[in-house]
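Each value in this text was obtained by applying a stated rule to the coordinates, not by laboratory testing. In this text the structure is predicted, and so the values were computed from the model without any measurement. Please note: Cβ atoms are built from the backbone with ideal geometry, for glycine as well, and neighbour counts cover all protein chains shown.
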Amino acid sequence: MESMQPQPDPDEARSLLSVADQSPRRLTADLRLPTGLHPLLGVAVALQIGTAAYGIAQQTAAGLAVLLAGLAVFLLVAAVSLHRFRRINGVRVDGLASQVLLGTNATSSVVYLAALAAATWAAFESVWWVVAVAAVVGGAGYALGARQWWHAYRGDPVAHAGGVSPRMLAALAVLACLGLAALLVVG
């Protein structure tokens with residue numbers, strides 16, 4: 001004999017679906033970024049762009065050390081910021097590390113690449129004030145891109161939750177290292 005399960009009330013089903021639909025929005029409304037994340041990220045990126053341009057243009061061991069020091073500062077800021085976010089909120093947000101901190105969103109990527117190209121060109125020409133301006137503009141644009149992604153994520157967490165896969169990040173890192181090696185060899 002089969003057991004008969006009662007049919008759900010249509011109004012109750014709609015109510016349950018509405019609650020389930022609003023759940024991600026309620027969660028994201030309560031999420032908080034660490035205090036000062038965007039300015040700190042902007043400064044770290046500006047420093048990284050400036051040191052990278054200097055290191056690439058110098059093409060010496062000391063230049064490479066400066067480049068790596070700037071990269072280390074950026075990675076430290078990103079890691080500490082991610083740790084602070086998780087400690088404050090107690091959750092992980094898919095896309096936060098790649099889209100916000102590592103700048104894989106469209107705005108941050110384009111601004112970063114343009115600023116790095118301008119700063120590197122200026123460093124080769126020894127126009128250091130242009131290096132500084134390009135680095136500051138790059139850092140500010142990067143932080144703006146991070147801010148835009150965060151607001152878009154909070155508006156529609158499901159559509160913006162995807163981050164870049166670890167494999168893609170590894171491939172991009174390899175390409176960046178190959179590009180750096182090519183610049184050091186050619187110059």
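Given their separation in residues at 0.36 nm each and the Cα-Cα distance between them, residue 171 and residue 79 gain 31.1 nm when the chain is fully extended. Charged neighbours of residue 82, selected by a Cβ distance under 15 Å, balance to +4 (K, R count +1; D, E count -1). With a simple spin-label model that places each label point 7 Å from the Cα along the Cα-to-Cβ direction, the separation between residue 148 and residue 133 comes to 2.2 nm. Between residue 109 and residue 87, the contour length at 0.36 nm per residue exceeds the Cα-Cα span by 5.2 nm. Put simply, when 77-86, 91-100 are sorted by average Cβ atoms within 10 angstrom per residue, most first, you get 91-100, 77-86. Put the Cα centre of segment 115-129 next to the Cα centre of segment 55-109 and the gap is 21 Å.
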